[in-house]
Amino acid sequence: MTRGLKGLLSVMVFLGVWEFVSRSKLIDPLLLPPPSSLLFRARVLLERGDLLGHVGASLFRVLLGFIMAIVVSFPLGLLLGLYPKVADYFDPFLQLFRPLAPPAWIPLAILWFGIGDRAAIFIIFIGTVFSMLLGIMGATRRVNKELVKVGLTLGADQRKAVFYIVIPFIMPFVFTQLRIGLALAWMCVVASEMVAVERGIGFMMMEARNLFRTEDVLLGMAIVGALGYGLDLLIRQIEHKALKWTKGLMVHELFGGNRSL
Amino acid sequence: MSFLEVIGVCKTFWNQKGPLEVLRDVSFEVERGEFVAIIGPSGCGKSTLLSLIAGFEKPESGRILLEGRPVNRWGRDRVLIFQEPLLFPWLTVRENVEFGLKVLGVSKEERRRRVKELIEKVRLEGFEDRYPHELSGGMKQRVALARALAVDPLLLLMDEPFASVDALTRSHLQQELVRIWREYQNTIIFVTHSLKEALLLADRILILTKRPAQIKMVFKVNVPRPREDKLHELALLELELLKQLES
């Protein structure tokens, strides 16, 4: 049985059990509606046109906030990794801001940006940028010095050594950071949409809770899960294509597995 | 004026435990096109000496002149080859060899031509598109050699380059190195801990003392090349040299 089939099978069993406990009223269907009614609601909401609007709004915020976080954290992480003396100046800020959970920024975001996209995007940015920054900085510090030495003796200047050696070296770590960052971005978008916006999946879920529409709450959760999974899969596909050279270098091969993803 | 002049070089490293004097007043000269081996007990400072010539370290006192000009920092006229091949794992064999030419901005056609020639020189035809982890240790070291030769260095600084390959591969690599050196007429400084290897390869051998390293003896190897079939003669030389070193 292939890997995909195994996964599919366990999902089918899970949905089947869920459908059963709900339909047979082992659990009150008002609190846990069966998956079939979620599908039904999804169709209704799609036909009404609300659902795509909410999903689109969330997706837009996640992607924009996440991309902004990459644009800031990648060059800054490289810089701080290469120049620890500069990093010393940044360190207190990194350490002070990092433990602040993204929702802790919500009041400030609303004061600064009002209710709307900008507040949500700001929270996603803040919620992802520190983790990615530290990850990229750490990876840069662990670049093999001897390998850079080789590049320098072959005529690379420092700028070229960064582009041709440091960056390729850290790429596997960067992809890990992207995956962590994207997951954080989804956490942030739902949290921020529950208070700071008037559209989006999180907003839809809060509204559904007020109307006691448990299907819509669960539907929102399912959509966030599915979109997060889909985007993660996309990053893994890109990683697989871009980092072909890591094939055959991974430790899991020593532990019986033989998978690239 | 010699091609490379090392004049009264001293080097001390400082760490928590205090100073560690590595080199004490080391002076020697190397002529253009010469193959010089440096030999000495392990940890004596051979690698430090190479690092100084490469320009990654600065001497405490003394001077290093290459073609009369002081060595300030690294440059592609002096390429280092280490015991580990240190290939770029994300680049194929071809791209590794091409690296120096690429950062210099050599045109694509010229790069193709040079790389093809060098890959033939180190006998790696057919492996151009492999990644380093798909190669054996000896093959990796050949790639490292081709990659260094690609930038046409005046001086090849080799730090025990064949120490981590098996005996048979080492013997092949030694022969190929001599063949390539004679063809390209580079100057080579070759650090080794094997007297046999030094006698087989070098025109001259610099023998260093224990740390702090000083030059104990300079030995000229007057055996015509190729030397692979003169192992008896080399063995006698080795015995004589060992006797001299003990006295």
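The values are calculated or read from the model by the stated rules, or taken from the named source; none is laboratory data. In this text, all values refer to a predicted model and were calculated from it rather than measured experimentally. Cβ placement follows ideal geometry from the backbone for every residue including glycine, while neighbour counts extend to all protein chains displayed. All accessible areas refer to the heavy atoms of the entire protein, side chains included, with ligands and DNA or RNA removed. Shrake-Rupley method; radii C 1.70, N 1.55, O 1.52, S 1.80 Å.
Selection of helices (runs of 4 or more DSSP H) fully inside the stretch A:61-144 by the criterion of at least 3 residues being under 16 Å from the mean Cα position of the chain (by Cα) and either of a type outside the set (A, V, I, L, M) or over 26 Å from A:Gly228 (Cβ atoms) (or both) returns A:117-141.
For B:Ile189, are the conditions met, namely being touching a helix residue (DSSP H, G or I) at 6+ places or on another chain (Cβ under 8 Å), of a type in the set (A, V, I, L, M, F, W, C), in a strand (DSSP E or B) and more than 13 Å from every other protein chain (Cβ to nearest Cβ)?
Yes, satisfied.
Taking the stretch B:60-80 as the range and being of a type outside the set (D, E, K, R), at the interface with another protein chain (Cβ under 9 Å from one of its Cβ atoms) and in contact with a helix residue (DSSP H, G or I) (Cβ under 7 Å, 6 or more places away or on another chain) as the test, the residues that pass are B:Trp74, B:Val79, B:Leu80.
In the stretch A:194-236, what residues are out of contact with any helix residue (DSSP H, G or I) (no Cβ under 9 Å at 6 or more places or on another chain), open to solvent by 50 Å² or more (accessible area, probe 1.4 Å) and without any contact (Cβ under 8 Å) to a residue 24 or more places away in the chain? Within the stretch A:194-236, A:Asn210, A:Leu211, A:Ala226, A:Tyr229, A:Leu233, A:Leu234 meet the criteria.
Here B:Lys102 meets the list (1) under 28 Å from B:Glu197 (Cα atoms); (2) within 11 Å of another protein chain (Cβ to nearest Cβ); (3) open to solvent by 10 Å² or more (accessible area, probe 1.4 Å) almost entirely, failing just condition (1).
Specify the residue that is farthest from the other protein chains (Cβ to nearest Cβ); the eligible residues are those in the stretch A:237-247 that are part of a helix (DSSP H, G or I) and either surrounded by fewer than 17 Cβ atoms within 10 Å (Cβ to Cβ) or modelled with pLDDT under 90 (or both).
Looking at residues that are part of a helix (DSSP H, G or I) and either surrounded by fewer than 17 Cβ atoms within 10 Å (Cβ to Cβ) or modelled with pLDDT under 90 (or both), I get A:Gln237.
Do we find a residue being modelled with pLDDT of 95 or more, open to solvent by less than 40 Å² (accessible area, probe 1.4 Å) and more than 30 Å from B:Leu154 (Cβ to Cβ) anywhere in the stretch A:144-163? No, the stretch A:144-163 contains no residue that is modelled with pLDDT of 95 or more, open to solvent by less than 40 Å² (accessible area, probe 1.4 Å) and more than 30 Å from B:Leu154 (Cβ to Cβ).
For the stretch A:140-153, enumerate the residues that are within 14 Å of another protein chain (Cβ to nearest Cβ) and touching a Pro at 6+ places or on another chain (Cβ under 9 Å).
If the condition is that a residue be within 14 Å of another protein chain (Cβ to nearest Cβ) and touching a Pro at 6+ places or on another chain (Cβ under 9 Å), then A:Leu147, A:Thr153 are the ones that fit.
So that you can scan it fast, the table gives a plain yes or no per residue for (1) within 11 Å of chain B (Cβ to nearest Cβ); (2) in a helix (DSSP H, G or I):
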{"site": "A:Arg159", "(1), (2)": "yes, yes"}
{"site": "A:Tyr164", "(1), (2)": "yes, yes"}
{"site": "A:Gly181", "(1), (2)": "no, yes"}
{"site": "A:Trp186", "(1), (2)": "no, yes"}
{"site": "A:Val189", "(1), (2)": "no, yes"}
{"site": "A:Glu198", "(1), (2)": "no, no"}
{"site": "A:Met205", "(1), (2)": "no, yes"}
{"site": "A:Gly220", "(1), (2)": "no, yes"}
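So which of B:Leu149, B:Leu65, B:Leu49 is open to solvent by less than 30 Å² (accessible area, probe 1.4 Å) and under 26 Å from A:Tyr164 (Cβ atoms)?
Only one candidate qualifies: B:Leu149.
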